[in-house]
Amino acid sequence: MSKIHVTTTVNGEPAEFLCQPGNSLLDALRDDLNLTGSKEGCSSGDCGACSVIVDGRLVCSCLMLAVEAEGKSITTIEGIANGDVLHPLQRKFLEHAALQCGFCTPGFLVAAKALLDHNPDPTETEARYWLAGNLCRCTGYDKIIRAVLDAAAEMRAGAPAGE
Amino acid sequence: MKVFDYVRPASVAEAIAAAAAPGAVYLAGGTNLLDLMKGETLRPDRLVDVTRLPGLDRIEWLGDGGVRIGALVRNAALAHDAAFATAYPAVAEALLSGASAQLRNAATVGGNLLQRTRCAYFHDPASACNKRQPGAGCDARGGENRLHAVLGWSEACIATHPSDFCVPLAALDAVVEIEGPAGRREVALEALHRLPGDTPERGTALAPGELIVALRLPGEAAGFAAHARYLKVRERTSYAFAVVSAAAALRLEGGRIRAARLALGGVAARPWRARAAEESLVGVEAGEAAFRRAAEAALAEARPSGDNAFKIELARRLVRRALALAVAGTPARIPALPASPFPSVAGARHDA
């Protein structure tokens, strides 16, 4: 079967790839675009390790077909930092030691960024409920939540007045 | 996953034509369909991607005060639409109580209506399932069935419908707009899902090739906005399907109930409208005695289909709790932990 040509935008840059209908967006990101930060955990939408932001919406890239990326704008974990300068969430994850094996971390960071993009001042319950779709099997959630709330506080303090 | 053909039609008419091919299914949010395809529970030959069809992603307000929701509106977008959440708060709360942020962002209104049962034997191609393969038998009957149906089930199938969204929709007389090879028609949400009987493989009233294009809620149903709740008991308090859920909506006048709407989730192959319970509430004083009678009426026909007798008593208690919270009034904003039946206790966490 002939492959389908897909033109899309990934982390602000134009990107294109060829795919089969059965390839997921996660397959294309990892295998065709060599963006291996997004992880394949469960492949069924349960664990959130493959989280990406598509046209402003946080989704599981394992449950989206690669061909559906045509014309979309996608942000992956590779697009979170500003060059060599880590995103506040990334810095706070390091400061709070909010990871051990690190497999779930890219998904948590992308999901937390999506939360703070829409809600810069979440309560702890809101942060926990939003991150319920990201599973961590070793660190536990307390450090992760502390890192997210701390990053949110720093980002609010750093934002110019009126914003 | 089986090899399939992918089609991206430009119009509803093109979509219906493309879906006339044997083995074709519609793809919307994909959160349920792609998961079932990966597990080989479903093996379609063609996916007709309807996500780019024009005009199906709008929320439109109607002359009667009701609302028409395009089938491609995402669950999260609908729940966070301020006007919608004000008019139909129990529906918004149900939407936000379901799945995860990622899935609510991807899942669509039409897809939610058509999501498949979470019965593990339906999902597992190695198990016998009359819904997946007519005549094969039902491994759920002698298997792990504590979460299965207690109302409307048959010897052939004891699966439940998993949707939260559909429960308040059934209570509030939602209508489903459908287009298909034979033209346009409407069905009541309550009639969209079929009870299993001898043909559990036919889960909905849709004919082959038919496409849900919109969902309507009548303006009259917004009259319950001040006293409407959706409550959901789940095995953990986030990212879990309902063991039992209840949508309760009331119109009150001087402490008396003028009108009542009640539906249950997690108990049957369709969202379960409890009309006898509603009738028992009309004209009586809002209070525990009335709620107790309503709960008895709602579950009067219930019987266990396996190790799930506990769900009947759980459902009765949840009905009483939902009615009591509906009387207390719709919260000013949707709770941070939506649809939790547990009272907020300072210092206690229900979200860990």
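The values are calculated or read from the model by the stated rules, or taken from the named source; none is laboratory data. All values derive from a computational prediction rather than experimental measurement. All Cβ positions, even for glycine, are placed from backbone atoms using ideal geometry, and neighbour counts span all protein chains on display.
Table: residues versus (1) within 9 Å of chain B (Cβ to nearest Cβ); (2) farther than 11 Å from A:K113 by Cα; (3) among the β-branched types (V, I, T); (4) surrounded by fewer than 24 Cβ atoms within 10 Å (Cβ to Cβ).
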residue	(1), (2), (3), (4)
A:L58	yes, no, no, no
A:C62	yes, yes, no, no
A:A66	no, yes, no, no
A:K72	no, yes, no, yes
A:T76	no, no, yes, no
A:V85	no, yes, yes, yes
A:L89	no, no, no, no
A:A97	no, yes, no, yes
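Residues in the range A:1-10 that are crowded, with 18+ Cβ neighbours inside 10 Å and out of contact with any Cys (no Cβ under 8 Å at 6 or more places or on another chain): A:T8, A:V10. The residues listed here are B:A240, B:A191, B:A214; of these, the one that is out of contact with any helix residue (DSSP H, G or I) (no Cβ under 7 Å at 6 or more places or on another chain), among the aliphatic types (A, V, I, L, M) and in a strand (DSSP E or B) is B:A214. Checked across the range A:9-22, the condition of being on the phi > 0 side of the Ramachandran plot and modelled with pLDDT of 95 or more holds for at least one residue. Candidates B:E235, B:E220, B:E279: the one that is surrounded by fewer than 17 Cβ atoms within 10 Å (Cβ to Cβ) and in a loop (DSSP other than H, G, I, E, B) is B:E235. Residues that are touching a residue at least 24 places away in the same chain (Cβ under 8 Å) and more than 11 Å from B:A101 (Cα to Cα) were ranked within the range A:128-140; the one that is farthest from the other protein chains (Cβ to nearest Cβ) is A:C138. Residues that are at pLDDT 95 or above and farther than 18 Å from B:N75 by Cα number at least 2 in the following helices (runs of 4 or more DSSP H) confined to the range B:85-185: B:120-123. Of the residues B:G55, B:G30, B:G65, B:G39, the single one that is surrounded by fewer than 20 Cβ atoms within 10 Å (Cβ to Cβ) and under 20 Å from A:C62 (Cβ atoms) is B:G39. Looking at the range B:315-352, which of the residues that are in a loop (DSSP other than H, G, I, E, B), touching a strand residue (DSSP E or B) at 6+ places or on another chain (Cβ under 6 Å) and at pLDDT 90 or above is farthest from the other protein chains (Cβ to nearest Cβ)? Checking each candidate, the answer is B:T330.
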